[in-house]
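The values are calculated or read from the model by the stated rules, or taken from the named source; none is laboratory data. Predicted model, so just to flag it, every value in this text is computed and none were measured. As a convention, Cβ positions derive from the backbone with ideal geometry for all residues, glycine included, and neighbour counts pool all protein chains shown.
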Amino acid sequence: MPAESILVRLPNPLGDAIMATPFLQTLRIANPQAEITVAGSSAFVSLFSGLPSIHRWISLPENSLHGIRGVRRQAALLRQAKAQRIYLLPNSISSALAARLAQIPERIGRRSLGRRRLLTQAFPTIRRADSMTVLYNELLGLGNIHCSAPVHLPSGDFHSPFLQEIRQKIPPGKGLAVSPGASFSSTKCYPVSLFADVLEELHNVFSWYPILLGSPEEKELLQSLSALLQKKNIAHMSTHNNPPSLLEAKEVYAICEFALTMDSGARHLAAAVGTPHAVFYGPTDMRWSQYEGPTSIALRNDALDCLGCHKKICPIGHPCMKELSPKKVVEAIKRGYVMNHCGNS
């Protein structure tokens, strides 16, 4: 009798996809004989390559993620898996409709956005802030699921001129991966001038060498931060002229001693390769992206009661970031880094 074929539709955002890796691991353990196929953004294939929980990958190009034509393209791709069951981790109606059009018999997901009739097993809508690792695992119906760190993304023998340059310039244990941008909106971002002050002090304390990472859309942000570091005579690297691929970015995080990010996909990359990191939180609720363990340091202005507002435009002057002083940021990193470093030594 052929093994059961199970399909998993990954979320579209990078961070959410990484937070789904514990789900994939648990699914594999619960179904040791099944063939597990993952459908997700074609940009993520290289990141997830080598995970033992995945047997096959269906790449969903950008034009399959939007609009009715995209839904039909996605359905045609999902149909290739010949799956008996699909877990829909995104809560969009388009992902559920694509699974229905692909004629997959069992379709498991949440009943949000009026998609109840498209599912054969509908879990309740999300009504509480909790780690996405927990919320994804709830779809397995196993109970007693706890927040967990992402499954370690394997590093291979990947080489590029960019990575070679980093290894030549930066001594081991001195790399600081810095991702100052966030696709959500600028309200997630720490002000550039304050960011430069933080990096200067971290350089003075730890002799860390900043590596500025970002997408092509974040070129101006990286340029501005790089210019301020130049004025401070802080040796650094910036990728604003040559943005790294996701695979290169993953390797940068893997070889760095520490990472400093917004609440973005970048921090999940750091977590997925086991690099200690600090995360700025303002308009987003940290409970959605929390991980167990001491490797993640939360940087927040706890004096405010508007944290986690999820607003893309701040009506009161953005105090969650502007009033979080570089001194407090550096103190939090020093405490957290020393605690983590001593705990692992």
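Got a number for residues in segment 266-303 being part of a loop (DSSP other than H, G, I, E, B) and farther than 23 Å from S46 by Cα? Lay out the reasoning, then the answer.
Residues of segment 266-303 part of a loop (DSSP other than H, G, I, E, B): 273-276, 281-285, 289-295, 300-303.
Keeping just the survivors that are farther than 23 Å from S46 by Cα gives 281-285, 290-295, 300-303.
Within segment 266-303, residues that are part of a loop (DSSP other than H, G, I, E, B) and farther than 23 Å from S46 by Cα number 15.
Say we look at segment 46-68 and pick out the residues that are within 20 Å of A102 (Cβ to Cβ) and modelled with pLDDT under 90; which of these is farthest from the chain's Cα centre (by Cα)? Don't jump to the end; show me each part of the working.
Step one: filter segment 46-68 for residues within 20 Å of A102 (Cβ to Cβ), giving 54-68.
Then drop every residue that is not modelled with pLDDT under 90, which leaves 61-68.
Values: P61: 19, E62: 18, N63: 22, S64: 21, L65: 19, H66: 21, G67: 25, I68: 27 Å.
Selected residue: I68.
Can you pull out every residue in segment 45-74 that is of a type in the set (F, W, Y) and buried (at least 18 other Cβ atoms within 10 Å of the Cβ)?
Within segment 45-74, the subset of a type in the set (F, W, Y) is 48, 57.
Listed by number, the list holds a single entry, F48.
So, in segment 59-89, of the ones that are free of Cβ contacts under 8 Å to residues at least 40 places away in the same chain and not in a helix (DSSP H, G or I), which residue ends up farthest from A3 (Cα to Cα)? Break it down into steps so the answer makes sense when it comes.
Quick first cut of segment 59-89, residues free of Cβ contacts under 8 Å to residues at least 40 places away in the same chain only: 59-64, 66-77, 79-80.
Now narrow it down to the ones that are not in a helix (DSSP H, G or I): 59-61, 66, 80.
Numbers: S59: 22, L60: 24, P61: 28, H66: 32, Q80: 16 Å.
Per the criteria, the residue is H66.
Considering only segment 203-227, state which residues are crowded, with 18+ Cβ neighbours inside 10 Å and assigned to a helix (DSSP H, G or I).
Narrowing segment 203-227 to residues crowded, with 18+ Cβ neighbours inside 10 Å: 203, 208-215, 218, 221-222, 225-226.
Passing the criteria: H203, E218, L221, L222, L225, S226.
Condition (residue is more than 29 Å from S289 (Cα to Cα) and polar (S, T, N, Q)) applied to segment 79-89: is it met by at least one residue?
Going through segment 79-89, the residues more than 29 Å from S289 (Cα to Cα) turn out to be 79-84.
In the following step, the residues that additionally are polar (S, T, N, Q) were identified as 80, 84.
Looking for residues that are more than 29 Å from S289 (Cα to Cα) and polar (S, T, N, Q), one finds at least one in segment 79-89, hence yes.
Report every pair of residues separated by at least 6 positions or lying on different chains whose Cβ atoms are under 7 Å apart, first residue within segment 114-137 and charged (D, E, K, R), second at pLDDT below 90.
Listed by first residue and then by second, the contacts come to D130/R287.
Among the candidates Q121, Q103, Q84, Q80, which residue alone is modelled with pLDDT of 90 or more, at positive phi and of a type in the set (S, T, N, Q)? Working first, answer last.
Details: Q121 fails: at positive phi; Q84 fails: at positive phi; Q80 fails: at positive phi.
Checking each option against the conditions leaves just Q103.
Quick check on segment 182-202: of everything there that is modelled with pLDDT of 95 or more and of a type in the set (G, A, S), which residue is surrounded by the most Cβ atoms within 10 Å (Cβ to Cβ)?
A196
Mind counting the residues in segment 123-133 that are outside any loop (DSSP other than H, G, I, E, B) and surrounded by 19 or more Cβ atoms within 10 Å (Cβ to Cβ)?
Here is the first cut: in segment 123-133, the ones outside any loop (DSSP other than H, G, I, E, B) are 123, 132-133.
Pick out the ones that are also surrounded by 19 or more Cβ atoms within 10 Å (Cβ to Cβ) and you get 132-133.
Of the residues in that region, 2 qualify.
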